[in-house]
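For reference, the structure is listed below as C-alpha cells.
All of the numbers you see were taken from the coordinates with simple rules; none came from a lab. Note that the structure is predicted; figures quoted are calculated from it, not measured. Methodologically, a virtual Cβ is constructed for each residue, glycine included, from the backbone with ideal geometry; neighbour enumeration extends over all protein chains shown.
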Amino acid sequence: MPYKFNYMKKNIIFFALQLSFYSLFAQEHQMSKGYIIPNDTIVQHKLKKWQGLKFGLFMHWGTYSQWGVVESWSICPEDEGWTQRKGPYGATYNGYKMAYENLQTTFNPTKFNPNKWVKAAKYAGMKYIVFTTKHHDGFSMFDTKETDYKITSAKTPFSSNPKSNVTKEIFNAFSKENFLIGAYFSKPDWHSEYYWWPYFPPKDRNVNYDPAKHPQQWQKFKDFTYNQISELMTDYGKVDILWMDGGWVRPKNTIDTLVDWQKAITFNQDIDMPKIAAMARKKQPGLIMVDRTVAGQYENYTTPEQQVPESPLNHPWESCITMGNSWSYVPGDHYKSANQIISLLIKIVSRGGNLLMNIGPGPDGDWDPVAYSRLQQIGNWIKINGEGIYASSAIAPYSENNIYYTKSDNSNTVYAFVTSDKEAVTLPSKITLHLKGINKVKNISLLGVSKKVRWTVNKDAIAIETSESLQNQSGLLQAAVYKIQY
Ligand code: GLC
C-alpha cells in the first residue's frame, strides 16, 4: 500500500510539473504564434538574406506528371476530393497503386534542360528555387542509395541519360546563377516498407503501424530518412533550404503553426528532427530548415499555402502558390495571368513575405509554353520596378485600396505600387498616400518614366498629381510604382 501511494504521489507531482511546464511553454508560443527565432546566428543571417530575395521558383515534378494527376495523393487511401483515383486503373486500390508505381518504368523526360529554366526564372526576377527531391509517393528524383524507386534506377528509362540525377543538375544550374537552393523533401514516404509496412494495409496518410508498438520498424524508417537527407546534404553542392513537407510526421503534442494537424495524426511519429538538423547543419552551415507547420527550432519560416495572410506576420514567411491550378503538371492547366502574379507578388511583399511560385514540369521534362510567356512578362515588369520589391520590408499602413507599400531596407525610400485588374494600369489623376511619420519628402518619381511627378505634403498625407500624359504611359505595365524618397 505505502508503495502504491508513494508511486501515485510521485506520478501526480510529475504530472502537475509537466502540465505547468507545458502551459508555460504553450503560452510563450502562442504569444509568438508558435514561431521561435533560430538560435544559430549563421541561420539568422541566411534567413535575413532569404527574406530580401522575395521571389522564388517551386517545382513539383515526379513520375505522376505522365498521367497529369495530382502529385502523389491518388495513392493515399483517404476519401478526399484530391485523392480520387482516375483512369483505367482506378477501379481497385491495389491495382491502381501498382500501376502508379509502374510509372517509373516509362518516365523519360528527354527534354529536360535546367539551363532553360534558370534563364526564364532569372529573367522573371526569381532568386531562389525549391525542388521536390522526393514527394509523398516516395519516388526519389535524386540518386539515392536507400531505394531503387528513383529516377536513376535501371528500371527508369531516363537513368541512361547523362542528366538523370535531375536534382543535381537543377541545383548546379541554379547555383551557377546565384540562386539560393532549396530541397523539398517529404517526410512521409508511401513507398517505403518502413512507413507503409506491407504487413498491414495502408489506412490513410499516416504510418500504418504504431511506432510505439513496433519501435524497430520505426527505427528503420528514421534511419532511412536520416540517410536520404544526409545524401542530399552531402552530394549536391551548397543547399540553403531544407523544405520538409508532411506535417503529420511529427512528435505528438507539438504545436501547430497554420495547419491544425493534430486531428489527422493517428500515431506519434517522431523522426528525431534534432538529430537530422545537427547532421544537416554540420554539412550545410546556416541551413534554413522548414519543418512545415511544426512550430519550434526547425520551422525557420512559415509557409501559408495557396493564400496570402491578411496582414504582416511577426516572423519570416513565404506563400507557396501555383502558377496553374495544380502543383503537378496537368495538360492544359489554367495559368494565372501575368497581372495576377505580379499583384500577388506585390501584395505578399507589402506584408513582409516571400512568394514561392510553382511550375510543374511535364513528362517530357519541359514546362508548358504559357509558363515561359508569363515569366517573360513578369520579367519585363521587374526590370523596371524590381527595386521596390527586393531588400524591402513592410511599412504601415501596408496598403490603401489598390495601393501597396514597401520600404527599402537600405535607404529612406518608400515605394507605392498602384495595382490594377488589367494588364496595363491607368493611373488616377490624383492619389493620396497616408504614410505615418513621413512628412518631409525629397523627391517622388514614377519608375520607368522620366517625366516629373508633382506632389504636395500636408501633415501625414502625400498628394500626388499625375498629368494626363503620364496616366496611360505604356511603360507602366501591370502596376505602376511611385518612388518616394524622404
Ligand atoms: C499541399 C499538397 C502537397 C504539396 C504542397 C505544397 O500540401 O497536398 O502535395 O506538395 O501543398 O505546398
Using a 7 Å offset from the Cα along the Cα-to-Cβ direction at both Lys163 and Glu193, what is the distance between the two label points in nm, to one decimal? 3.5
For Lys86, counting only lysines whose alpha-carbon sits under 16 Å away and dropping same-chain residues fewer than eight positions off, the answer is Lys97
Ordering of 397-407, 132-142, 473-483, 83-93 by burial proxy (mean other Cβ atoms within 10 Å per residue, highest first): 132-142, 473-483, 397-407, 83-93
Please report, largest first and rounded to whole Å, the three semi-axes of the ellipsoid equivalent to the range 225-380, where each semi-axis is the square root of five times an eigenvalue of the C-alpha gyration tensor. 29, 20, 16
Can you tell me what share of the DSSP beta bridges in the chain is antiparallel? A percent to the nearest 5 is fine. 50
Rounded to the nearest 0.05, what FRET efficiency do Ala99 and Val259 have when you use their Cβ-Cβ distance and R0 = 41 Å? 0.85
What angle, in degrees between 0 and 90 and rounded to the nearest 10, separates the Cα long axis of helix 41-53 from the longest principal axis of the Cα atoms of the chain? 50
Return Lys49, Lys430, Lys111 ranked ascending by Cβ neighbour count within 10 Å, so the fewest neighbours appear first. Lys430, Lys111, Lys49
How do the peptides 120-128, 150-158 rank, highest first, by the average count of neighbouring beta carbon atoms within 10 Å per residue? 120-128, 150-158
Kindly write out, for the range 292-308 in residue order, the coupling ³J(HN,Hα) from the Karplus curve 6.51 cos²θ - 1.76 cosθ + 1.60 (θ = phi - 60°), rounded to whole Hz, with x marking Gly and Pro. 3, 6, 9, 4, x, 4, 10, 10, 6, 9, 9, 9, x, 10, 6, 7, 10
Note down the magnitude of the dipole of the range 9-388 about its Cα centre, charges +1 on Lys and Arg C-beta and -1 on Asp and Glu C-beta and zero elsewhere, to the nearest 20 debye. 740
Estimated inter-spin distance, Gln219 and Asn178, nm [label 7 Å along Cα→Cβ]: 4.9
Divide by every residue of the chain the summed helix terms, -39500 (n - 2.57) for each DSSP H run of at least 4, and state the resulting mean residue ellipticity at 222 nm, rounded to the nearest 500 deg cm²/dmol. -9500 deg cm²/dmol
In the range 291-429 the DSSP beta bridges are antiparallel at a rate, in percent to nearest 5, of 55
Any idea how many Lys pairs in the range 317-470 come in under 15 angstrom at the alpha carbon, given 8 or more places apart or on separate chains? 8
Integer Hz, Karplus 6.51/-1.76/1.60 couplings in order for the range 56-70, x for Gly and Pro: x, 10, 10, 9, 9, 9, x, 5, 4, 4, 5, 9, x, 9, 4
Work out the FRET efficiency for Lys86 and Thr110 from their Cβ-Cβ distance, taking R0 = 25 Å, and round it to the nearest 0.05. 0.45
Using alpha-carbon positions, what is the distance between the centroids of the range 262-278 and the range 46-119, in Å? 24
Quick one: plug the Kirkwood hydrodynamic radius of the range 9-388 (C-alpha pairs) into Stokes-Einstein at 4 °C, 1.567 mPa s, and report D in µm²/s. 60
